[in-house]
Amino acid sequence: MKHNVLRFLYIGFVCCVVSCTGDKVYDRYNHTPIMGWEKVDTLKFEVPKFSQRGRYSTNLGLRIDNHYPFMNLTLIVEQTVYPGARTHVDTLHCSLVDEKGGMKGQGVGSYQYHFRVSEMNLKANDSLHICVRHDMKREIMPGISDVGIEISRLY
């Protein structure tokens, strides 16, 4: 009887963990230099081969702190699908502050943001090479600590 209860609890735990992650297939963050993210510093993400064909959503995660001096951030996200080297480039205009001057992100002192980049159809065994860089007039952007890419299978 005790063995069955433990088995039931284990199966429930596994189901909860799986349901919490949904269909997320990739989730990685890269750190930016503490003194500021330079315009020439491109962050790179190597997404391994997909096991299933389907429609996938690419989202960008952003972590900033109170040292970030602007209300917005413009990012260039370049996704290259291999094999075939098809490239898709998106420009994200990330609004970080609401109309009252409050931070839109979640957190206190350090804020987490999520922005939709794109959706695309991918085949089994396709992989992605993703590059992210800022496109601000200022060469060095202080206050950005991490930039991440999350990819989820939609169907």
Exercise for the section: Note down the net charge around residue 51, summing +1 for each Lys or Arg and -1 for each Asp or Glu among other residues with Cβ under 15 Å from its Cβ. Expected result: +4
Practice task
Using only Cα atoms, tell me the angle between helix 2-21 and the longest principal axis of the chain; keep it within 0 to 90° and round to the nearest 10.
Solution key: 30 degrees
Problem - Sequence ranges 51-58, 147-154, 85-92, ranked by mean other-Cβ count within 10 angstrom, highest first - result: 147-154, 51-58, 85-92
Handout entry: Chain lengthening between residue 90 and residue 42 when straightened (0.36 nm per residue, less Cα-Cα)
Key = 15.8 nm
Exercise for the section: Please state the charge dipole magnitude for the stretch 19-120, taken about the Cα centre, from unit charges on C-beta atoms (+1 on K and R, -1 on D and E), reported in debye and rounded to the nearest 20. Expected result: 320 debye
Completion exercise
For residue 24, the lysines lying under 26 Å Cα to Cα, once residues fewer than eight places off in the same chain are dropped, come out as 44, 49, 104, 123
Exercise for the section: Between beta-carbons, use under 15 Å as the cut-off and find the net charge around residue 135, counting Lys and Arg +1, Asp and Glu -1. Expected result: -1
Exercise for the section: Please work out whether the stretch 66-131 counts as rounded, prolate or oblate from its C-alpha gyration tensor, where a ≥ b ≥ c are the square roots of the eigenvalues and a/c under 1.5 means rounded, while otherwise a/b larger than b/c means prolate and anything else oblate? Expected result: prolate
Practice task
May I ask for the percentage of alpha-carbon pairs in the chain that lie more than 19 Å from each other?
Solution key: 60 percent
Problem - Computed P(r) (all Cα pairs; the stretch 49-92; 10 Å bins; percent) - result: 17, 43, 25, 13, 2
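Bear in mind that the values in this text are calculations on the coordinates, not laboratory data. Not measured: the values here are computed from a predicted model. Note: ideal-geometry Cβ built from the backbone for every residue, glycine included; neighbour counts use all protein chains shown.
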